[in-house]
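To start, the structure under review is shown below, and the notes come after it.
The values are calculated or read from the model by the stated rules, or taken from the named source; none is laboratory data. Keep in mind it's a predicted model, so treat the numbers as computed, not measured. No Cβ is skipped: glycine too gets one built from the backbone with ideal geometry, and neighbour counts run over all protein chains shown. Remember, those area values only see protein heavy atoms, side chains included, never the ligands or the DNA or RNA. Shrake-Rupley method; radii C 1.70, N 1.55, O 1.52, S 1.80 Å.
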Amino acid sequence: MGRTAKVCRQTSETDVAVELNLDGVGRHTIQTQIPFLDHMLAQLATHGLFDLSVEARGDLQIDLHHTVEDVGIALGEAFAQAVGDKRGIRRFASALVPLDEALARVVVDISGRPYLVYQAPQLHGEIGSFDVTLVKEFMRALAMNMKVNLHVEVLQGENLHHCVEAIFKALAKSLDQATSLDARIADVPSTKGSL
């Protein structure tokens, strides 16, 4: 049985559908009506080797916030669903990714205990119409709904696009490693016996 998920989230503000295959090759179809978010989710799929489909419609005439957050929620639920009972996964992972002058680090623990630490003081402003403070909202929604401990840091960088793209690439690499199966791990990777 494949490690796949389908999640639909409908509210009065958004309509989001996500399909995910953890053991993919990076194929993706992303249509959120927010071009920069589409670009970042394409980075996540490509560099994490996840097959990913995301379709979202939202009240963009009000703000991008609802759509960005709800895509994060649905994607987090999809990852949690696809990982299943967590038997055989590596659980912990980290990635350090540069993009020109920018350097981002993402560390993840698929612990079942959601928590976000987000340190990116230089991320203020807009990339096109995309307010980069929404990156933190996306990461929080992802972490809370995937139920992972997620640490995100921009260690250095000046160009906002480079900083955010480095974050998403580091997220991709760390999620790929943490969700990967290890033949040496027969059970859930915890001394408690559950995650």
Item checked: Relative contact order, percent, segment 86-127 [alpha-carbon distance under 8 Å, six or more residues apart] -> 30 percent
Next item on the list: Return the Rg/Rh value of segment 1-130, two decimal places, where both radii are evaluated on C-alpha atoms and Rh is the Kirkwood radius.
Entry: 0.96
Item checked: Distant-in-sequence amide H partners of residue 127 (H built 1.01 Å from N, under 5 Å) -> 132
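Roughly how big is the chain's charge dipole about its Cα centre, with Cβ charges of +1 (Lys, Arg) and -1 (Asp, Glu), in debye to the nearest 20? Don't skip to the answer; put the middle values down first.
Values: 18 positive and 25 negative charges, 210 e Å.
With only Lys, Arg, Asp and Glu charged at Cβ, the dipole is about 1020 debye.
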Next item on the list: Mind computing the radius of gyration and Dmax over the alpha-carbon atoms of segment 43-195? Å is fine for both.
Entry: 15.6, 51
Next item on the list: Rank by packing, highest mean first: peptides 131-140, 86-95, with packing defined as the count of other Cβ atoms within 10 Å averaged across residues.
Entry: 131-140, 86-95
Checklist line | Taking N as its residue count, the alpha carbon Rg of segment 4-79 over 2.2 N^0.38 Å | finding: 1.02
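Test of understanding: what is the full-extension gain from residue 180 to residue 111, defined as 0.36 nm times their sequence separation minus their Cα-Cα distance? List each step's numbers first, then the result.
On the way: separation 69, 0.36 × 69 = 24.84 nm, distance 1.45 nm.
Stretched fully, the residue 180-residue 111 segment lengthens by 23.4 nm.
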Check: For the peptides 146-152, 79-85, 184-190, what is the packing order when you average, over each peptide's residues, the other Cβ atoms within 10 Å and list the highest mean first?
Finding: 146-152, 79-85, 184-190
Next item on the list: Just reorder 163, 8 by solvent-accessible area, largest first, 1.4 Å probe, all chains present.
Entry: 8, 163
Next item on the list: Along Cα→Cβ, 7 Å out, is where each label goes; now give me the distance between the ones at residue 23 and residue 101 in nm to one decimal.
Entry: 4.4 nm
